[in-house]
Structures are given as structure tokens and as C-alpha cells.
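K.L.:
Encoded as C-alpha cells, here's the structure I'll be asking about.
No lab work stands behind these numbers, since they all come straight from the coordinates. Since the model is a prediction, treat every value here as computed from it, not as a measurement. Glycine gets a Cβ as well: all are built from the backbone with ideal geometry, and neighbour counts include every protein chain shown.
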Amino acid sequence: MALEYVGSIVLDVNSVEVEVTDFNPTETTGKKLVKTMNSTGRAKGYTQGIATWELSITAVVPKNTNVNWAQIAGAKLTQTPLGSGKRTTYQDVFVTQVGEQYTVDNEARINITAFALNKIEE
């Protein structure tokens, strides 16, 4: 029996569907190595840190309407798998970088780097 994998997703920013070509969320746990001077000559532990979520998004630029990405702060970003599966919601999203991209394929894109303060799987 073949396994079914998660495929495409739908991305919503404040309940508005956004046409994206790439979405790369990265979680940083915040844990840090604690180096101590001891007889073994190696580290023996770590400290808990503050988790952060960096979101890298590439979206197509619609002709008539578009999202003002640079002004987004305090937003809710929801990733929904097509078909079935758990939704992932990123809360208190704020954008730190916005860049434009133009290709030979006649497709304008916008590259966004954002951070989220919380992540919830529903």
C-alpha cells in the first residue's frame, strides 16, 4: 500500500489567502551549549533558551491587489495542507525584510523574511 505525503499548502495572512511559490519555516530552539572547565575536557550540558520561528516566503505579485508586506506586524499566518492534515498557525508575525524578484519566465515575485512569536498546530 502506497503512503500519502503532504503536498501543496494554502497560506493565509490574517485570513486572506496568499499565492505563494515557496514557504520555508525554520524553528530555532534557543538551546545553548554550556562549556565548563573540567577534567573530561568536554562540555557537559546545555541551557534552555527562547524558541524563535523564522519564516521565509516567496509569493507571486498579483496584478490588481497585493499585500503590503513591509507593514505586516502582529499578523496571524496559517499554513493549511491541501486535502487533510493539521493546520499550523504562526502568531504575532512581523516582517523584517522584503525583496523583489523578476525572472525570464515573466513572473514577478516578492521574497519576504518574517519572524513569529508563537506556533500552534491544530
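K.L.:
What order do you get for Thr29, Thr88, Thr103 when you list them from fewest to most C-beta neighbours inside 10 Å?
P.N.:
Working: Thr29 11, Thr88 17, Thr103 8.
Result, fewest neighbours first: Thr103, Thr29, Thr88.
K.L.:
Let me ask another. Using the Karplus curve 6.51 cos²θ - 1.76 cosθ + 1.60 with θ = phi - 60°, work out ³J(HN,Hα) for each residue of segment 32-42 in order, rounded to whole Hz, and write x for Gly and Pro.
P.N.:
10, 5, 9, 9, 10, 8, 8, 6, 7, x, 9
K.L.:
If you don't mind, another one. Work out, step by step, the length gained on full extension between Glu17 and Lys35: first 0.36 nm times the residue separation, then minus their alpha carbon distance; give nm to one decimal. Walk me through the intermediate numbers first.
P.N.:
On the way: separation 18, 0.36 × 18 = 6.48 nm, distance 4.63 nm.
This chain segment gains 1.8 nm when fully extended.
K.L.:
For Thr58 and Lys86, FRET efficiency with R0 = 25 Å and r from the beta-carbon atoms, rounded to 0.05? Numbers along the way, then the final one.
P.N.:
Working: r = 23 Å, r/R0 = 0.92.
So the FRET efficiency works out to roughly 0.60.
K.L.:
Which longest run of the chain has no exposed loop site in it, a site being trypsin sites (Lys or Arg not before Pro) in a DSSP loop with at most 14 other beta carbons within 10 Å, and the site itself not part of the run? Could the numbers behind the result be given before it?
P.N.:
Values: sites that count: Lys31, Lys35, Arg42, Lys44, Lys63, Lys86, Arg87.
Here the longest segment lacking exposed loop sites spans 88-122.
K.L.:
D for the chain, whole µm²/s, Stokes-Einstein with Kirkwood Rh over alpha-carbon pairs at 20 °C and 1.002 mPa s: what number?
P.N.:
Values: Rh = 16.8 Å.
The estimated diffusion coefficient comes to 128 µm²/s.
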